[in-house]
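To start, the structure itself, in structure tokens.
Quick note: the coordinates plus some simple rules give every number you see, no bench work behind them. Note that the coordinates shown come from a computational prediction; the quantities given were computed from them, not determined experimentally. A quick note on method: Cβ atoms are made from the backbone with ideal geometry, for glycine too, and the neighbour counts reach across all protein chains shown.
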Amino acid sequence: MHAFANPARFLRLARWLLPVLLVPGLVMSLGAVAWGVAYAPPDHLMGVTVKILYIHVPCVWLGMAGWSTIAISSIVELVWRHPLAAIAARAAAVPGAVFTALGLITGSIWGRPTWGAWWVWDGRLTSFLILLFLYFGYIALADAAQRDASGGNAARIPAIFGLVGAINIPIINRSVVWWNSLHQPPSITMGKSAIDGTYLWPLLIAALGFSLIFGAVVIARMRMLLADIQTEARLRRKALG
Amino acid sequence: MHERLNQWEFVWAALVIGVAGTLVMVGWSLLAMLRAERRRDKVRRK
């Protein structure tokens, strides 16, 4: 793991990895969404709104995956002091927040024709909205920690917040089981799926494609954050003479 | 009163917002990365 602690080595890998993730990600996600819209038949209960599945579900999964990335990177940062872990956590926050917001918006659009309401304050929707607010809090904290030149403990506050916020992920996952909800129960669990193959395959390809895009965006943001740190360090050295 | 909704309008709205939002995020991240790396290289050359 510490082999990639060297930013120069990481940047060599990242330059190669970015297009390798981004191009197939775009092709797979856009292709799977087009496949679902064109060929998936209308559902007997939801009608054609079932096609919203191909954008809503990957966004929701990646909203949760984004915070899981923050939590895992925070553990690595706190336990092993890996120099790139804090940068990886910060880089995952913005795409995670964007996918969470897109999951909420597309879910709301799906709710109106299906439930007759844009929004209901049930366990799933409310815990997912809390996830978006947690992202805002994390982004603000991480930004403040980076500006704090004193270093030390201030840099660890976003990591602790990332770990504490991870408690919301199992709550989101189990909310439809624990509480009464208009939202349907889990359709895909470990090794099982209640979704017919006609809908499932384009969904899995879309989810994989969007995950590759997520990975590419995290790498692009890590490169940006590293470049900013290197610029600041160079300017500080010059100012000190 | 029974409300008639055109379901396709909701499907297209969700797809356009989802796809456009993702593409804007990708473009913004790539541009920010290129801008930061260009700034770093400029400072290094000085």
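Residue check, A:TRP67 against (1) within 12 Å of chain B (Cβ to nearest Cβ); (2) touching a residue at least 24 places away in the same chain (Cβ under 8 Å), all met but one. Which one?
For A:TRP67, the failing item is (1).
For segment A:32-57, which residues satisfy the criterion of being under 18 Å from B:VAL24 (Cα atoms) and more than 10 Å from chain B (Cβ to nearest Cβ)? Break it down into steps so the answer makes sense when it comes.
Residues of segment A:32-57 that are under 18 Å from B:VAL24 (Cα atoms), as a first pass: A:33, A:55-56.
Answer for segment A:32-57, where residues must be under 18 Å from B:VAL24 (Cα atoms) and more than 10 Å from chain B (Cβ to nearest Cβ): there is none.
Right, B:GLY27: of a type outside the set (Phe, Trp, Tyr), more than 7 Å from every other protein chain (Cβ to nearest Cβ) and either assigned to a helix (DSSP H, G or I) or within 26 Å of A:PRO19 (Cα to Cα) (or both) or not? Quick ask: steps written out before the conclusion?
On the way: of a type outside the set (Phe, Trp, Tyr): yes; more than 7 Å from every other protein chain (Cβ to nearest Cβ): yes; either assigned to a helix (DSSP H, G or I) or within 26 Å of A:PRO19 (Cα to Cα) (or both): yes.
For B:GLY27, the condition - of a type outside the set (Phe, Trp, Tyr), more than 7 Å from every other protein chain (Cβ to nearest Cβ) and either assigned to a helix (DSSP H, G or I) or within 26 Å of A:PRO19 (Cα to Cα) (or both) - is met.
Among the residues of segment A:185-206, how many are surrounded by 22 or more Cβ atoms within 10 Å (Cβ to Cβ) and under 30 Å from A:PHE10 (Cα atoms)?
Counting residues in segment A:185-206 that are surrounded by 22 or more Cβ atoms within 10 Å (Cβ to Cβ) and under 30 Å from A:PHE10 (Cα atoms) gives 1.
Just wondering, is there one or more residues in segment A:177-184 that are of a type in the set (Ser, Thr, Tyr) and surrounded by 20 or more Cβ atoms within 10 Å (Cβ to Cβ)? Break it down stepwise before answering.
Of segment A:177-184, the ones of a type in the set (Ser, Thr, Tyr) are A:181.
After this cut, where a residue has to be surrounded by 20 or more Cβ atoms within 10 Å (Cβ to Cβ) as well, the list is none.
No, segment A:177-184 has no match at all.
Among the candidates A:VAL94, A:VAL120, A:VAL76, A:VAL60, which residue alone is away from every other protein chain (no Cβ under 14 Å) and either under 19 Å from the mean Cα position of the chain (by Cα) or basic (Lys, Arg) (or both)? Let's see the steps before the verdict.
Numbers: A:VAL94 fails: away from every other protein chain (no Cβ under 14 Å); A:VAL120 fails: either under 19 Å from the mean Cα position of the chain (by Cα) or basic (Lys, Arg) (or both); A:VAL60 fails: away from every other protein chain (no Cβ under 14 Å).
Going through A:VAL94, A:VAL120, A:VAL76, A:VAL60 in turn, the sole match is A:VAL76.
Can you tell me which of (1) under 18 Å from A:ILE219 (Cα atoms); (2) not in a helix (DSSP H, G or I) is the one A:PRO41 doesn't meet?
The number of the failed condition is (1).
Of the residues A:ARG234, A:ARG221, which is crowded, with 21+ Cβ neighbours inside 10 Å, at negative phi and within 7 Å of chain B (Cβ to nearest Cβ)? Break it down stepwise before answering.
Working: A:ARG234 fails: crowded, with 21+ Cβ neighbours inside 10 Å.
From the options A:ARG234, A:ARG221, the qualifying one is A:ARG221.
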